[in-house]
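Below is one structure, written out as structure tokens, with a few remarks after it.
All of the numbers you see were taken from the coordinates with simple rules; none came from a lab. The structure displayed is predicted, hence computed values, not measured ones. Backbone-built Cβ (ideal geometry, glycine too); neighbour counts: all protein chains shown.
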């Protein structure tokens, strides 16, 4: 019972500003991505009481997004673009009619596409991690190379000092 009360309070606080609607900026080249993320998260929150397993899939995508954001210094998070792409695809399939985060339209679209979205988000994260490991390896190799370069320079300095020192005598 206390869990239900806590959940009710959380939902009340989270939605005190009202129900969000899909942003109608899908055709904009560089729209603000935050409304899409907020809409996606609110869809999961509203879906939770009906289907916790479906809501968890939305939370899985948001978790991958957060992990990506926390793991890299890259300010562009491709998971954001994926979320927008899937939401805008749903918007386009719905004849560009606006719908709210609790509508059957978004649930129907996500039922069809959510597993693919999770797969694509994980793929982007793994791709970033592979690039990060590659970069880390390159940095390590350059440290080893720097040590060899330093030794080579030191040897060249000693050789030249010896060679030039002998010529002066």
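Structure data summary
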| quantity | calculated |
| --- | --- |
| Reference-scaled alpha-carbon Rg (2.2 N^0.38 Å with N residues) for the chain | 1.74 |
| Bins of 10 Å, starting at 0 and running to the largest distance - Cα pair percent for the range 75-126 | 25, 51, 23, 2 |
| Sites residue 129 and residue 157 - FRET efficiency at Förster radius 35 Å, r taken between beta-carbons, to 0.05 | 0.25 |
| Alpha carbon Rg of the range 84-169, scaled by the compact-globule rule 2.2 N^0.38 Å | 2.52 |
| Angle between the chain longest axis and helix 34-48 axis [Cα atoms, degrees, rounded to 10] | 50 degrees |
| Acute angle (nearest 10 degrees) that the helix 78-93 long axis makes with the longest principal axis of the chain, alpha-carbon atoms | 30 degrees |
| Linear extension gain, residue 164 paired with residue 56, 0.36 nm per residue minus alpha-carbon span | 31.4 nm |
| Between helix 104-168 and the chain: long-axis angle, C-alpha atoms, 0 to 90°, nearest 10 | 10 degrees |
| Residue-span extension gain [residue 76 to residue 21] - 0.36 nm each, minus C-alpha spacing | 17.4 nm |
| For the range 18-59, the spread of Cα positions along each principal axis, largest first, Å | 34, 21, 13 |
